[in-house]
Structure formats: structure tokens, C-alpha cells
Amino acid sequence: DEEKEIRERKAQAQKEKEAGNAAYKKKEFDTAIQHYSKAIELDDEDISFLTNRAAVYLEMAEYEDCIKDCDKAVERGRELRSDYKMVARALTRKGTALVKMAKTS
């Protein structure tokens, strides 16, 4: 029963991620953030939700929020022994945010 519930939550989280991706492509950033945040609530073991939300913050020039999500993704990714590519994506995105922050300051 518990496993079934976990599977359902993960499936629901993936649906939220897909809705977030669709909103992101349409440049509906606030909607995308809502979907990614919901996905994170449903399944905190998939760091792609965090890195995707970080990407939205990066697009919106909200660099501090982007960096926070990237840091969380790296930390969580290491705890869960996530795919190195996912952790690397978070670190790359953080680097991009730091560069853009430096350029705007």
C-alpha cells in the first residue's frame, strides 16, 4: 500500500514537472514555478524539479533564488547519490547565476 502511494506521488510529481516545462516554454514563469514547487512537495528525491525551478529563476533574473535551489539540489543530489549529470547541471546553473549577478552589480 505504501509503495503504491509512493509510486502515485512520483507519477503526480512527473505530471507537475511536465506542466511546469510547458509553462516554461511559453515563458509563463510564475505558473512554471508553481508546478515545479508542487512537484518538489510530492517527490523530494528527484532533484530535476529543483534544477528546473532554478532555471526559471535564472530566466527571471532572480539569481539568489536560483542559487538557493541549485545549492539545495547539489546537497540533496549528493545525499541521494543522484546521477552526477544532475548535480553538475545544478552547479553549472549556479555558476551562470553568479556570473550574471556579477555582471549586473
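The values are calculated or read from the model by the stated rules, or taken from the named source; none is laboratory data. No experiment lies behind these values; they were computed from the predicted model shown. For neighbour counting, all protein chains shown are included, and Cβ atoms are generated from backbone atoms with ideal geometry for every residue, glycine included. These area figures cover heavy atoms from the full protein model, side chains too; ligands, DNA and RNA do not enter into them. Shrake-Rupley method; radii C 1.70, N 1.55, O 1.52, S 1.80 Å.
Some observations on this one:
- Number of residues in region 43-96 that are open to solvent by 50 Å² or more (accessible area, probe 1.4 Å), touching a residue at least 12 places away in the same chain (Cβ under 8 Å), closer than 27 Å to residue 11 by Cβ and outside any helix (DSSP H, G or I) equals 3.
- Among the residues of region 56-90, the ones that are touching a Cys at 6+ places or on another chain (Cβ under 8 Å) and among the small types (Gly, Ala, Ser) come to 1 in all.
- Qualifying residue in region 21-30 (condition: closer than 18 Å to residue 89 by Cβ and either of a type outside the set (Lys, Arg) or in contact (Cβ under 8 Å) with a residue 40 or more places away in the chain (or both)): yes
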